[in-house]
Amino acid sequence: MGKPHKRNIAENRKARHNYFIEDTYEAGMVLLGTEVKSLRGGRANLKDSYARIVNGEVFVYQMHIGPYPFAYYNNHEPLRTRKLLLHKSEIKKLYGKVNEKGFSLIPLRLYFVNGKVKMTIALARGKRKYDKRHTIRQRDEKREMDRARKEYR
């Protein structure tokens, strides 16, 4: 078999700015038909979304999937809570880490893999204001170094 085909739907661009990413996991999702059709049209937003572990199951909250425009009466709720599908061992590992101080589960990407919707969630620790400034300073210094290196050549 060939390499699985991945097609991006949505990305949480602010996540890497606001969090230190410790580890990432790929999870399947339990979705309704109108949600999948809406996702095929790229109508998703991960901006303020987060995940939690409840009774040994992982759920994602505040993920917006726009209503499917061609559904007549049986459309989905855009901000409903959706279940993520992970292996039990992964959930146990995540549960242990999330109960430690400062760790959160943050959705990073939403994409299709061979027709199935998958989500990359990250085990992340929140950045403080000075951490964000430090990251920005490092990025600017790297950019200046690259620019100087390019001019030298």
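Values computed for the structure shown
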{"item": "Lys132 being surrounded by fewer than 16 Cβ atoms within 10 Å (Cβ to Cβ), of a type outside the set (Asp, Glu), in contact with a His (Cβ under 7 Å, 6 or more places away or on another chain) and over 24 Å from Ile9 (Cα atoms)", "result": "yes"}
{"item": "Selection from region 90-133 of residues that are free of Cβ contacts under 8 Å to residues at least 12 places away in the same chain, farther than 19 Å from Val30 by Cβ and in a loop (DSSP other than H, G, I, E, B)", "result": "Asn99, Glu100, Lys101, Arg128"}
{"item": "So Val98, is it hydrophobic (A, V, I, L, M, F, W, C) and farther than 26 Å from Asn8 by Cα", "result": "yes"}
{"item": "Count of residues meeting criterion [more than 18 Å from Gly41 (Cβ to Cβ) and either within 14 Å of the chain's Cα centre (by Cα) or modelled with pLDDT of 85 or more (or both)] in region 2-20", "result": "9"}
{"item": "Extreme residue, farthest from Leu110 (Cα to Cα), among residues of region 16-41 that are out of contact with any strand residue (DSSP E or B) (no Cβ under 7 Å at 6 or more places or on another chain) and not in a helix (DSSP H, G or I)", "result": "Leu32"}
{"item": "Residue that is farthest from Leu84 (Cα to Cα), among those in region 126-148 that are basic (Lys, Arg) and modelled with pLDDT of 85 or more", "result": "Arg147"}
{"item": "Looking only at region 42-57, and only at residues there that are without any contact (Cβ under 8 Å) to a residue 60 or more places away in the chain and in a strand (DSSP E or B), the one that is farthest from Gly115 (Cα to Cα)", "result": "Val54"}
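The values are calculated or read from the model by the stated rules, or taken from the named source; none is laboratory data. Bear in mind that the values here come from a model prediction, so they are computed numbers and not experimental data. Here Cβ is always computed from backbone atoms with ideal geometry, including for glycine, and neighbour counts include all displayed protein chains.
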